[in-house]
1. Taking region A:35-64, which residues are farther than 21 Å from A:ASP349 by Cβ and of a type in the set (S, T, N, Q)?
2. Take the residues in region A:410-445 that are without any contact (Cβ under 8 Å) to a residue 60 or more places away in the chain and within 14 Å of chain B (Cβ to nearest Cβ), then tell me which one is farthest from A:GLY240 (Cα to Cα).
3. Take the conditions of a type outside the set (Val, Ile, Thr), assigned by TED's automatic domain parsing to the domain that holds B:LEU244, surrounded by fewer than 19 Cβ atoms within 10 Å (Cβ to Cβ) and over 26 Å from B:GLY445 (Cβ atoms) and apply them to B:HIS327. Does it pass?
4. Of all residues in region B:204-233, count the ones that are more than 7 Å from chain A (Cβ to nearest Cβ) and either of a type outside the set (Gly, Ala, Ser) or over 19 Å from the mean Cα position of the chain (by Cα) (or both).
5. Which is more than 13 Å from chain A (Cβ to nearest Cβ) and in contact (Cβ under 8 Å) with a residue 24 or more places away in the chain, of B:LYS366, B:LYS384?
6. What number of residues within region B:367-380 are over 20 Å from B:LEU291 (Cβ atoms) and buried (at least 18 other Cβ atoms within 10 Å of the Cβ)?
7. Among B:VAL72, B:VAL100, which is the only one that is in a loop (DSSP other than H, G, I, E, B) and away from chain A (no Cβ under 14 Å)?
8. So, in region B:4-54, how many residues would count as being surrounded by fewer than 21 Cβ atoms within 10 Å (Cβ to Cβ), away from every other protein chain (no Cβ under 13 Å) and either closer than 25 Å to B:GLN92 by Cα or free of Cβ contacts under 8 Å to residues at least 24 places away in the same chain (or both)?
There are 2 protein chains.
Amino acid sequence: MFSTETYQNRRKTLQQNVKEGVILLLGNSESPINFEDNPYPFRQDSSFLYYFGIQEPKLAAIIDVDQEKTIVFGDELNIDQIVWMGIQETIQAKAEKAGVTETRGFSELEEYLKKAKNQERKIHFLPPYQPGNKMLLSKLLKTSIDSLEPSVELIKAIISQREIKEEQEVEQIQQAVNISNQMHLLAMQMAKSGMKEFELVSAIQKLANDHHARFSYQPIITKDGQILHNHYYGNTLKSGDMVLNDSGVETAMGYAGDLTRTFPVDAKFTAKQKAVYNIVHRAFKESQSLLKPGVAFKEVHRSAAVLIAQGLIDLGVMKGTAEEAVHHNAHTLFFQTGLGHMMGLDVHDMEDLGEEYVGYTEDDPKDTKTFGWKSLRLGKSLKKGFVLTVEPGIYFIPQLIDMWQAENRLKDFIDYEELSKYRNFGGIRIEDNFLITDEGHQLLGDGLISSVDEIEDFRAKHLI
Amino acid sequence: MFSTETYQNRRKTLQQNVKEGVILLLGNSESPINFEDNPYPFRQDSSFLYYFGIQEPKLAAIIDVDQEKTIVFGDELNIDQIVWMGIQETIQAKAEKAGVTETRGFSELEEYLKKAKNQERKIHFLPPYQPGNKMLLSKLLKTSIDSLEPSVELIKAIISQREIKEEQEVEQIQQAVNISNQMHLLAMQMAKSGMKEFELVSAIQKLANDHHARFSYQPIITKDGQILHNHYYGNTLKSGDMVLNDSGVETAMGYAGDLTRTFPVDAKFTAKQKAVYNIVHRAFKESQSLLKPGVAFKEVHRSAAVLIAQGLIDLGVMKGTAEEAVHHNAHTLFFQTGLGHMMGLDVHDMEDLGEEYVGYTEDDPKDTKTFGWKSLRLGKSLKKGFVLTVEPGIYFIPQLIDMWQAENRLKDFIDYEELSKYRNFGGIRIEDNFLITDEGHQLLGDGLISSVDEIEDFRAKHLI
């Protein structure tokens, strides 16, 4: 946990921003795997962590803005539970570390909310994502699950705090990134023809666990880098393949890292791989250089798209001018994803609070319709203290190519004949994490090799 | 997956047992970690796996007993999803492998059930454990979550099938046990003073992952073996400690292993540790020898309790006769848990269906009140084909000792003064998995060392 003052100050700011009513923050419950008593490893809700720091299931908290009091609701262990779970620090003691002096049994929460409702005070709550918390909110607020209305005021107030990372939060993220860096180097040292993808997953998971960290998301470790959300690890790597490794850890306090590297299974990239890799790498490097306060991330994304289009024009796969191609979204046949997203206590930071608030503003809302652009999670102007990913990529997705080609879509910008040579190329992504600083940006972590030469050189020296 | 006939035959038997109405089986959904799109690794519901074998989220199935038809409900990927998730085998194709020829979109399920309800046909469903499936059932059946009434007929019919393991299921369990055996040997090779508990977790997880298997439950790897459900791995092992390692994997098809070994951090057990260990080991060996069809597991548990009481009497911690001590439940101060449980597609097999049906019968119901006995998950008569664990233990739980001592509880059977010497001793458990055979039982897996000599000898030779 951070210092008591940290949590007190965060809650004080929240209280000031929300102004009136009752703020209800629900902690997470355990999620059953295949029966009630066999849960997945517990992960606390990130907003609950941010304001209270307590890592324990079945808690809720009230910040009563009108009455200026804060209460943590939860049930202390009884003797039966102590027999099974050992003596543990009480909720009372944990709450005190977060500067909360009042704790009550969980069952008292309903009564508290009922009273507030009778007083016609507004009850602010966040959009629930755990099904159990949807049910709980419905019960607590006597509202059907479909009619629950999360508080936009609360959402905005929390985002305005959590999006600006404190120094101690940045330190946590650096830790996460540095462990993640090591995982990436290890995968580069190990990968060779004949190996199964899951052997790489296994090795990097061990490295994470040895640091008492855990994956911040299910890693993507695949020879099929063009499959964007791919959690299958059963393929055998073979000569000529590339490995796309998108993996990161979170620290014990919950702060995430999120990195991607793509490298050849052989000692060197093929000429074709190298050519495409260098396009992505250039977009990766040049996008970073644009990061500073006041720049809209949407424009950084656009400039990455132009660079990718230009590279693919030079390669012969695209045609026309890069600017015009991007204007017509021709680049989205190859770069279907967003350039990056916020990162912090969640790998996609605050995604549960809604992308329309986290990544965009009401004045400049998200384009939710256009292919490619609708996958850009972050569009708004950068501020000092933002932490985000930069992750350009080029992906040759056979099904998507077929669909476009069948319509001869954007044929002025795509050379479908030339493209057919890349149909089974796969996908490349390169991703690092950055902090927006006073005048620019700072790479988080100690840095990880990314150029063709660096990767080939590293693999030549360190392959195990 | 097993053969098409396997699933067809299992469903045919189920249909015959349930006799009439509509059987609704829900698959599992993904469980979010900290936001909707960041899920834990998916695990299919075990009953769904048993009858359909399809490992994919958001499926449901109807076995219409009256109309003799089976339908799998689920949504095929659209092109947008194929772009993100790659081309995959269709639900249609997967269902066909399970012998189901009819698949429909998920949204059609509600209409099907509505119709059946209008025809006043009974809709059989199982007790939901995923909160999302509680919500789904409530919506599908137009019933409040609290009023959902699972079908006892269906529960009993499924238990009657799943409790008798097929040969191919036993093979799967053997695989799981053999990987688990290796994990236990590895932990014994590695553990030494100065090491963190999580380093052992990390190493055995890698071993599991390298076999493309995963933990069947969060392992208990601790120097505090007396804490029965302990998922904390932050302690440093030191000379004089014992490590209790309760861990197992499940195969890719979902079949579990569940083993425990306890061993010293030093080269050898201390004299005191050895004395207590040998009591547990004797109960472990003698309990196994009693396993055969027709024997009530409750009685095997009782005989283990008597052996443990006798051992503790010999040690001086208990007094009186062992039989009488057990009759008064004095052993439950040290042996608070059950001797074992069913195991199969779930590590506590079918626990979601209700212990009262899985482990007991209506004629001979579970004792849900008496401390110790209420933790015995399995009491009923054994049948050929049952797979179960045998896991006696002795645990010195300071809080429990204090509570009993304050009341001077069962002072004729407990020597509290002598006991005070063991207050911080910790806990010991030894656990293996068995199949009930025609005339007796069979140890599952290739066997794992368990005696003091075997463990000390192994550690002397193989410590790394």
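The values are calculated or read from the model by the stated rules, or taken from the named source; none is laboratory data. Since the structure is predicted, the reported quantities are computational estimates derived from the model, not experimental observations. Cβ sites come from the backbone with ideal geometry, for glycine too, and all protein chains shown count toward neighbours.
1. A:ASN38 - this is the single residue of region A:35-64 that is farther than 21 Å from A:ASP349 by Cβ and of a type in the set (S, T, N, Q).
2. A:ARG423
3. Judged against the criteria, B:HIS327 is a match.
4. First pass over region B:204-233, keeping only residues more than 7 Å from chain A (Cβ to nearest Cβ): B:204, B:207-208, B:211, B:213-216, B:219-223, B:225-226, B:231-233.
With the extra rule that they be either of a type outside the set (Gly, Ala, Ser) or over 19 Å from the mean Cα position of the chain (by Cα) (or both), the set shrinks to B:204, B:207, B:211, B:214-215, B:219-223, B:226, B:231-233.
Of the residues in region B:204-233, 14 are more than 7 Å from chain A (Cβ to nearest Cβ) and either of a type outside the set (Gly, Ala, Ser) or over 19 Å from the mean Cα position of the chain (by Cα) (or both).
5. Matching residue, one of B:LYS366, B:LYS384: B:LYS384.
6. Start the filter on region B:367-380 by keeping residues that are over 20 Å from B:LEU291 (Cβ atoms), which leaves B:367-372, B:374.
Subset that is buried (at least 18 other Cβ atoms within 10 Å of the Cβ): B:372.
Residues flagged as over 20 Å from B:LEU291 (Cβ atoms) and buried (at least 18 other Cβ atoms within 10 Å of the Cβ) within region B:367-380 amount to 1.
7. Step by step, each of B:VAL72, B:VAL100 is checked, and only B:VAL100 is in a loop (DSSP other than H, G, I, E, B) and away from chain A (no Cβ under 14 Å).
8. Qualifying residue count, region B:4-54: 10.
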